[in-house]
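To start, the structure under review is shown below, and the notes come after it.
What follows draws every value from the coordinates through simple rules; no lab data is involved. Owing to the predicted nature of the structure, the values given are computational and were not obtained by experimental measurement. Note: ideal-geometry Cβ built from the backbone for every residue, glycine included; neighbour counts use all protein chains shown.
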Amino acid sequence: MGIFNKDIKTLEDLFLHGLRDIYYAENQIIKALPQMIEQATNRDLSKGLRSHLEETRKQVERLDKVFEKLGQQPSGTQCPAIDGIITEANETAGDVDDKAILDAALVAAAQAVEHYEICRYGTLIAWAGQLGHEDVVRFLTTNLNEEKAANTKLNTVALRKGVNIKATAA
């Protein structure tokens, strides 16, 4: 069985499935971020992850509004992709002893999450526009822009705030 089921017959069905996917993903990220924050030793990384946790909570609130505008109950559908990214991050973190290298691993894991979310939101925005759901495009676009900004901040932490330099020296 694939990630889709036979209940998806139209683009609207696929769009709703995608919304449930990202809703689940965002909620899993809310559960995973506190552990990442706790593991981070770089001050800028820890601060950025903490900020993104609050941002992610607001993104879920926006998704709640999207479901409401579509006349749907907010709900998630299991997302093997985000589950895999989080599992891989946890396993990698468990394999790293040096804190400087762990910070680099945390940045990489967080960026994998961001890239997944950027992909999902971009697709959902395109489908929402195609389906005439202009009233939800704004909410989805705000989330997408926040994900892109979070990825840029992670790049800055890795490259200019010393995470990669410290990991190289470890």
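Please get the size of the charge dipole for segment 10-76, origin at its Cα centre, with Cβ charges of +1 on Lys and Arg and -1 on Asp and Glu, quoted in debye to the nearest 20.
Working: 10 positive and 11 negative charges, 55 e Å.
It works out to roughly 260 debye.
Once every Cα of segment 100-140 carries one equal point scatterer and solvent is ignored, give the base-10 log of I(q)/I(0) from the Debye formula at q = 0.19, 0.27 Å⁻¹, two decimals.
Computed log10 I(q)/I(0) values: -0.59, -0.82.
Would you compute, for the Cα atoms of segment 1-96, the largest minus smallest coordinate along each principal axis and list the three values in descending order, in whole Å?
On the principal axes, segment 1-96 reaches 47, 31, 15 Å in Cα extent.
When the helices in the chain are scored as -39500 (n - 2.57) per DSSP H run of 4 or longer and the sum is shared across all residues, what 222 nm value do you end up with, to the nearest 500 deg cm²/dmol? The partial results should precede the final answer.
On the way: 6 runs with 137 residues, N = 170.
Calculated mean residue ellipticity at 222 nm is -28000 deg cm²/dmol.
When the C-alpha atoms of segment 1-55 are aligned to their principal axes, what extent does each axis show, in angstrom, from largest down?
The Cα atoms of segment 1-55 stretch 48, 22, 12 Å along their principal axes.
Based on the Kirkwood radius over alpha-carbon pairs, what value in µm²/s does the Stokes-Einstein equation return for the translational diffusion coefficient of segment 47-109 at 4 °C and 1.567 mPa s? Could you put the intermediate results ahead of the total?
Numbers: Rh = 14.1 Å.
My calculation gives 92 µm²/s for D.
In a GNM of the chain with a 10 Å cut-off on Cα contacts, which of 62, 50, 160 has the highest mean-square fluctuation?
Top of the fluctuation ranking is 160.
Quick one: if you take sqrt(5λ) for each eigenvalue of the C-alpha gyration tensor of segment 23-65, what semi-axes come out, biggest first, whole angstrom?
Working: eigenvalues 93, 22, 4 Å².
Each semi-axis is the square root of five times an eigenvalue, giving 22, 11, 5 Å.
Using θ = phi - 60° and the Karplus curve 6.51 cos²θ - 1.76 cosθ + 1.60, what whole-Hz ³J(HN,Hα) does each residue of segment 105-121 get, with Gly and Pro shown as x?
5, 5, 4, 4, 5, 5, 5, 4, 4, 4, 5, 4, 5, 4, 4, 4, 5
Please give the per residue volume of the convex hull enclosing the alpha carbon atoms of the chain, rounded to a whole number of Å³.
Looking at the chain, the number lands at 103 Å³ per residue.
Using +1 at the Cβ of each Lys and Arg and -1 at the Cβ of each Asp and Glu in the chain, identify which of 71, 16, 52 lies farthest towards the dipole's positive end.
Final value for the positive-end residue is 52.
How many percent of all Cα-Cα pairs in segment 86-170 sit more than 14 Å apart? Spell out each step's value before the answer.
Numbers: 2419 of 3570 pairs.
Pairs farther apart than 14 Å: 68 percent.
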